[in-house]
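Before any comments, here is the structure.
The values are calculated or read from the model by the stated rules, or taken from the named source; none is laboratory data. Only a predicted model underlies this, so the values are computations on that prediction, with no experimental measurement involved. Cβ atoms come from the backbone with ideal geometry, glycine included; neighbour counts cover every protein chain shown. Calculation scope for accessible area: heavy atoms of the full protein, side chains included, ligands and nucleic acids excluded. Shrake-Rupley method; radii C 1.70, N 1.55, O 1.52, S 1.80 Å.
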Amino acid sequence: MAGYARYSTESQEGGVSIQTQEEEMRRVCQMRQWEYHKTYSDEGLSGTLPPVQFVRSEEGPSRPGLTELLDDLEKGLFDTVMALDDSRLARDQNVYWNLLNFFKERKVVYLTAMLPDIDSTKPEFQMVGGVQQSVAAYHVEITKFKTRLAMAALKRGGYLRGRPMAGFERALANPEDPKSSHTVLVPGELAKKG
């Protein structure tokens, strides 16, 4: 049994750290008397990213922990993969189902610590896994939507985020007001004078 743990950011996942995920997977294995090989992990990486095996160019972003897990799986080091829940494995429908097909082609069983009795060999897994993955993918899309709304509101309010364009710098919109944090973009020379 190999475990896979991932989080995007500590706060985003409610503090479910890699260590906490690993402890739960090990607890499930101990209760069921399953041998635990090791935990592969990716910290601070989105579940929408594929492993390098699924990326056409190695220049694209990927998850090194998941990539290593798949490499070791190919070497026959284990025949079962566990994650805390489906959203830890993937938050993208294509990545998720490609991983499950990858496992199936190699006769590797996939399961979650949350529902260890429903593994990828059972007919109900398609239904339960599909629903869980749909919810995870929906959560990603809702987060993107809320971020776009917040960024648009900030822009309408005159607040700017990100790095200034080449040749421009940030300057206080009202330099006489020391409490003002409202900034505007100005050509580089004007920012130095003002």
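Data table
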{"item": "Unique match (being at pLDDT below 85, open to solvent by less than 90 Å² (accessible area, probe 1.4 Å) and of a type outside the set (Gly, Ala, Ser)) among Leu100, Leu89, Leu154", "result": "Leu154"}
{"item": "Sole residue being assigned to a helix (DSSP H, G or I), modelled with pLDDT under 85 and among the small types (Gly, Ala, Ser), chosen from Ala191, Ala166", "result": "Ala191"}
{"item": "In segment 44-63, the residues that are modelled with pLDDT of 75 or more, on the phi < 0 side of the Ramachandran plot and not in a helix (DSSP H, G or I)", "result": "Leu45, Ser46, Gly47, Thr48, Leu49, Pro50, Pro51, Ser62, Arg63"}
{"item": "Scan of segment 120-136 for residues that are open to solvent by 20 Å² or more (accessible area, probe 1.4 Å) and either assigned to a helix (DSSP H, G or I) or in contact (Cβ under 8 Å) with a residue 24 or more places away in the chain (or both), ordered by number", "result": "Pro123, Glu124, Gln126, Met127, Val128, Val131, Gln132, Ser134, Val135"}
{"item": "Qualifying positions in segment 31-45 - under 22 Å from Pro116 (Cα atoms) and of a type in the set (A, V, I, L, M)", "result": "Met31"}
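Table: residues versus (1) closer than 19 Å to Arg26 by Cβ; (2) in contact with a helix residue (DSSP H, G or I) (Cβ under 8 Å, 6 or more places away or on another chain); (3) small (Gly, Ala, Ser).
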position	(1), (2), (3)
Thr80	yes, no, no
Arg88	yes, yes, no
Arg91	no, yes, no
Val95	no, yes, no
Arg106	no, yes, no
Thr112	yes, yes, no
Ser120	no, yes, yes
